[in-house]
Amino acid sequence: MVLRTRPSRDENEQRVVRRLSRARKAPRDLVLRARMVELSWAGQRVPAIADELRCSPKTVRRWVHRFNRLGLDGLEDLGGQRRKRRITESERSRIIGLVKQPDPGRLTVQADGELAAADESGPPEWTLDALAAEARRLGIEVGRSQVRRILLAEGVRWRRTRSWTRSKDPDFEGKGPGSSSSTPARPRARRSSAPTSSDR
């Protein structure tokens with residue numbers, strides 16, 4: 001019987017596998033296993049995958065079986081071989097997905113013209129602390145620094161820069177140019193033309 005990787009359960013699983021197989025900052029072993037799954041999805045058989053990735057067919061079979069049984073978590077290191085990653089790939093994906101969600105505490109103009117937030121107690125803007133707290137609320141044990149590493153590895157921005165000097169309100173009037181142009185530059189001290197002892 002020909003061993004093949006099962007079809008992806010959903011678009012997210014497929015997207016994560018493809019992202020991992022091309023990742024430059026993910027652990028090498030994890031990238032290799034994701035590549036095995038991707039090549040199997042492309043129709044390659046175990047011997048051809050092993051030949052392309054320069055590993056044994058037994059290794060390919062082991063990880064294809066684990067993926068078929070456990071999904072993305074099956075690509076993690078086998079227990080007892082080395083320290084298990086604290087965050088699974090599915091948890092990493094959920095953390096990254098948080099950034100794409102609207103900030104729950106951000107004030108927005110409602111239909112009646114009033115300002116309101118979806119969650120008054122939520123953060124007005126996603127920050128590392130807010131993302132870590134939300135991840136923990138979802139049952140993912142992660143710290144601020146680990147969230148930062150995950151987002152940096154994916155090239156994800158977790159903050160938006162705001163300009164506090166501009167407003168969409170038509171009645172808002174700016175205060176004119178900044179102080180830098182209104183403050184005269186300090187004049188440079190001119191060199192004295194008086195003779196010195198070296199001139200004598």
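Observations
- Residue order by solvent-accessible surface for ARG6, ARG137, ARG54 is ARG54, ARG137, ARG6, largest first, with ligands and nucleic acids left out and a 1.4 Å probe.
- ASP129-GLN14 FRET efficiency (beta carbon distance; Förster radius 35 Å; 0.05 resolution): 0.65
- Nearest-10 value in Å² for the accessible area of ASP51, using the 1.4 Å probe: 120
- Cα→Cβ-extended label distance, 7 Å offset, between GLU114 and SER56, nm: 6.9
The values are calculated or read from the model by the stated rules, or taken from the named source; none is laboratory data. Note that the structure is a prediction, hence the values are computed from the model and not measured. Neighbour counts run over all protein chains shown; Cβ positions are idealised from the backbone, glycine included. The protein model used for the area step is the full one, side chains on, heavy atoms only, and it has no ligands, DNA or RNA in it. Shrake-Rupley method; radii C 1.70, N 1.55, O 1.52, S 1.80 Å.
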